[in-house]
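Below is one structure; the comments refer to it alone.
The values are calculated or read from the model by the stated rules, or taken from the named source; none is laboratory data. Everything numeric in this text was worked out from a predicted model, so none of it was measured. As a convention, Cβ positions derive from the backbone with ideal geometry for all residues, glycine included, and neighbour counts pool all protein chains shown. We work out accessible area using only protein heavy atoms, side chains counted, and drop any ligands, DNA or RNA first. Shrake-Rupley method; radii C 1.70, N 1.55, O 1.52, S 1.80 Å.
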Amino acid sequence: MLPVVFGHAGLSLFAGGFVGVDVFFVISGFLITGILLREIENGNFSLLGFYERRARRILPALFLVVFLCILAAWFTWPPMQYRGLGTATIATRLFASNILFWRNASDYFAPDVLREPLLHTWSLAVEEQFYLFFPLLLWALVGLARRHLTIVIGSLVGASFLYAVWATHYTPVAAFYLIPARIWELGMGALLALGAFPAVHRRIVAEAISGAGLIAIALAVLLLDESVRFPGAAALPPVLGATAIIWAGGDHRTLVGRSLTWQQMPLAPTIEDYRKRNAKAEAILHRLASRYDATYVSLGTTFCTPDCWIIDNATGHLLYSDDNHLSEDGSRLMVPRIFDAALESFPRDLFHRNN
């Protein structure tokens, strides 16, 4: 997101910083699709649970930003302009601000639009609109073989890209703000999660792919500006660049990957950080199971906690599962009473999301 910040700060070197949003779309599509696929294939997918997790992660910060904008505008803006902020606030809370800015024929780079404090919520709206239908699409197609599912998603990506190329010439404002021309960017991340790209076995090849991806993103940031028709063909470098970096990092920890997950950045935990935390959590759950003569069955891990079953050896009852695990702040949800005392000794921060 730094290129976006630098670009809007007026630094000419980062005139193309707006492509940071496109990189984010790829990352989002990759992470969220991976989580959805695991839950659907394990049979514990819940659409309400998915939206509840996203609400807890997004809404507190969003409401704080909206409140601060309203508060600042109350003291600094004239009444008519303040009324416009009220309309934008409602659209933002409904995840429809991208539609509002499009209907207002608001060129993203126009000087008057840049003074809109909630302008950047358009990308959040696009993302949430995508996740209104995409989880249902994956769930509906769960019976397909992975190869066939990949073909369906790939076709959706191709159609969206072709539309984006066309729309940037004939309806550029709609192409920029609305979801049809952005689906392919999130979809590229989804294809990564689906395993559409072959594994990179040789480290030198992985380093070359990730390096090329970083160069493509950097060139887009440095060479693109507001005069370029975007998205469309011009969005290929940042989107393919982000795709390349994630793809190359799937089997190797590349130099680019290490540089982008600098260990001194406490708010950006790496996948390795999550693996270490999960290893500690699994060790605790193993001890918990053995203490109560139960069997621990590992189902894999999420970014936060192990997905597992703990089964009572005597009765065969399920004592612990992914459906009743610890909440993100370490508090108990529906864990059986037999574990109440033991869970009190769990490290409170072990299951806490740091991202």
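Regarding E128, is this residue in contact with a Ser or Thr (Cβ under 9 Å, 6 or more places away or on another chain) and not basic (K, R)? Give the derivation first.
Values: in contact with a Ser or Thr (Cβ under 9 Å, 6 or more places away or on another chain): no; not basic (K, R): yes.
Here the answer is no, as E128 does not meet what is asked.
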Given the conditions (1) under 23 Å from the mean Cα position of the chain (by Cα); (2) under 27 Å from F50 (Cβ atoms), every one holds for L144 apart from (1)
Within the range 86-143, restricting to residues that are aromatic (F, W, Y), open to solvent by 10 Å² or more (accessible area, probe 1.4 Å) and more than 21 Å from V66 (Cα to Cα), the one that is modelled with the lowest pLDDT is F109
Of the residues in the range 43-85, those that are open to solvent by 70 Å² or more (accessible area, probe 1.4 Å), closer than 27 Å to L137 by Cα and among the aliphatic types (A, V, I, L, M) number 1
Taking first residues from the range 209-232 that are within 27 Å of Y170 (Cβ to Cβ) and second residues anywhere that are of a type in the set (S, T, Y) and at pLDDT 90 or above, the pairs with Cβ under 8 Å that are 6 or more apart or on different chains are R229/T168; F230/T168; P231/T168; G232/T168
Condition set of a type in the set (A, V, I, L, M) and surrounded by fewer than 24 Cβ atoms within 10 Å (Cβ to Cβ), scope the range 176-195, selection farthest from E41 (Cα to Cα): answer is L178
A15: passes all of (1) surrounded by 12 or more Cβ atoms within 10 Å (Cβ to Cβ); (2) free of Cβ contacts under 8 Å to residues at least 12 places away in the same chain but (2)
- Consider H169 carefully, then state whether it is in a helix (DSSP H, G or I), under 21 Å from V21 (Cβ atoms), of a type outside the set (S, T, Y) and open to solvent by 20 Å² or more (accessible area, probe 1.4 Å). yes
(Q) Based on this model, can you work out whether R182 counts as under 20 Å from F24 (Cα atoms) and among the charged types (D, E, K, R)? (A) yes
- prompt: Restricting attention to the range 119-131, does a residue exist that is touching a Lys or Arg at 6+ places or on another chain (Cβ under 7 Å), among the aliphatic types (A, V, I, L, M) and closer than 28 Å to L224 by Cβ?
  reply: yes
